[in-house]
Amino acid sequence: MLTPLRHDWQKEEVLKLFEKPFSDLMFEAQTVHRQHFDPNKVQLSTLLSIKTGGCPEDCKYCPQSVHYDTGLAAQALMPIDEVLQAARNAKAAGASRFCMGAAWRSPTNRQVHQVATLVRAVNDEGLETCVTLGMLNEAKAQLLADAGLAYYNHNLDTSPEYYGDIISTRTYQDRLDTLAAVRDAGIKVCCGGIVGMGESRDDRAGLLLELANLPQHPESVPINMLVRVAGTPLSASETIAGVEFVRTICVARILMPQSFVRLSAGRTNMNDETQALCYLAGANSIFCGEKLLTTPNPENEADLALFEALGIEPLDIAAEEAPICAVL
Ligand code: SAM
Ligand code: DTB
Ligand code: SF4
């Protein structure tokens, strides 16, 4: 029987999943994963920072905030020809989705129109589009939907309880409001968070609980491991153990059976074996390409070699509409 989609998870239930023996948790995650996806296919997205640095928000993990001196050079909105060249390169490297990120608190109307032009141009290259621009109201979300935007990324980042320790310049409710505006405009939602910011397991459970109890599960759930950037307040955070990270992936998979769970930032600090465990646990999407927004990502050759060793193939979105229901 297929695992039903639930939106009424309780914190105790989620914590009980985290506390299971690793082997039992992994088996449950794999069982759910195989009901909905081909376990040997992983979706590839590529990131491009189209407007870098100088952001007025104070997110303590972020190298792009003006509040912290990280030595990052700010850059204005990238010209369309450079964006298109990057999109073509991403497609040639096997990416099916092209994600453009801007270090804004919230885009102005003019900026939304400029990004809408980029979205149309990237769509014309035969790539799915995703953008992450900060807070949106309904009218701005609608403009992006009209341009053919497939996904909007906006993360909850952590649990409601820990959130205030990480960001003071926008509220959790602001984030939920943006997600509702995106959903109402008919754009698919990409929403996840970051682990390894000094949060407790309770907070990791709290983040996944919030995501799973949204009115509709995000189609894409990026789980980032904090990239510790010198100059940010979180640069000296204690690393999260690989097994605890894999547990987080397992629980995300169990709570949101039909969502793509993306093993996102932080892969340069993971060995092949930890990444392999993440794929076993139900992670079925990654960022490929040698840069995230401002920090490094594994080299393409390393990712391809690991895929080869594990028998994983990139998911061809055009050929196979996902998620699928595999026969057990
Ligand atoms: N400025 C927009 C916003 O925050 O809404 C969009 C870009 S912002 C860089 C997108 C996401 O990247 C953040 O929500 C956060 O989850 C993630 N991120 C930023 N810095 C990170 C880091 N050092 N390690 C892991 N994830 C990070
Ligand atoms: C997401 O959840 N992770 C990506 C994407 N959405 C925009 C961003 C990761 C950024 C890592 C730090 C950097 O490269 O600046
Ligand atoms: Fe700005 Fe986004 Fe970085 Fe926060 S995460 S400082 S909003 S770019």
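The values are calculated or read from the model by the stated rules, or taken from the named source; none is laboratory data. What you see is a predicted model; the values in this text were computed from it and never measured. When we count neighbours, we look across all protein chains shown, and the Cβ atoms used for this are built from the backbone with ideal geometry, even at glycine. Ligands, DNA and RNA are stripped out before the accessible areas are found, and what is left, the full protein with its side chains, is counted by its heavy atoms. Shrake-Rupley method; radii C 1.70, N 1.55, O 1.52, S 1.80 Å.
Within the set of pairs 6+ apart or on separate chains, which have a first residue in the range 227-246 that is farther than 17 Å from residue 272 by Cβ, a second that is at pLDDT 95 or above and among the basic types (Lys, Arg), and C-beta atoms under 7 Å apart?
Between residues of the range 227-246 that are farther than 17 Å from residue 272 by Cβ and residues that are at pLDDT 95 or above and among the basic types (Lys, Arg), the close pairs are 232/60; 233/60; 234/60; 234/228; 235/228; 237/228.
Any idea which residue in the range 101-150 is most open to solvent (accessible area, probe 1.4 Å), counting only those that are outside any loop (DSSP other than H, G, I, E, B) and β-branched (Val, Ile, Thr)?
My answer is 117.
Take the residues in the range 218-233 that are open to solvent by less than 20 Å² (accessible area, probe 1.4 Å) and of a type outside the set (Gly, Ala, Ser); name whichever of them is nearest to ligand 1 (Cβ to nearest atom).
226
For the structure I just gave you, tell me whether residue 193 is open to solvent by less than 10 Å² (accessible area, probe 1.4 Å) and within 15 Å of ligand 2 (Cβ to nearest atom).
Criteria met by residue 193.
Within the group 101, 54, 71, which residue is closer than 29 Å to residue 246 by Cβ and either acidic (Asp, Glu) or within 16 Å of ligand 1 (Cβ to nearest atom) (or both)?
Going through 101, 54, 71 in turn, just one is closer than 29 Å to residue 246 by Cβ and either acidic (Asp, Glu) or within 16 Å of ligand 1 (Cβ to nearest atom) (or both): 101.
Any idea how many residues of the range 167-184 are more than 12 Å from ligand 1 (Cβ to nearest atom) and either open to solvent by less than 20 Å² (accessible area, probe 1.4 Å) or in contact (Cβ under 8 Å) with a residue 60 or more places away in the chain (or both)?
2
Residues to consider are 204, 267, 247; find the one that is open to solvent by 20 Å² or more (accessible area, probe 1.4 Å), closer than 27 Å to residue 37 by Cα, within 16 Å of ligand 1 (Cβ to nearest atom) and not acidic (Asp, Glu).
From the options 204, 267, 247, the qualifying one is 204.
Just give me the residues in the range 29-46 being open to solvent by 30 Å² or more (accessible area, probe 1.4 Å) and touching a Leu at 6+ places or on another chain (Cβ under 7 Å), in sequence order.
30, 34, 41
Quick grid of which residues meet (1) more than 12 Å from ligand 2 (Cβ to nearest atom); (2) open to solvent by 50 Å² or more (accessible area, probe 1.4 Å):
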{"residue": "54", "(1), (2)": "yes, no"}
{"residue": "61", "(1), (2)": "no, no"}
{"residue": "70", "(1), (2)": "no, no"}
{"residue": "73", "(1), (2)": "yes, yes"}
{"residue": "81", "(1), (2)": "yes, yes"}
{"residue": "92", "(1), (2)": "yes, yes"}
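Pairs please, first residue from the range 14-25 and of a type in the set (Asp, Glu), second anywhere and modelled with pLDDT of 95 or more and open to solvent by 80 Å² or more (accessible area, probe 1.4 Å), Cβ atoms under 7 Å, 6+ apart in sequence or on different chains.
Every condition considered, no pair remains.
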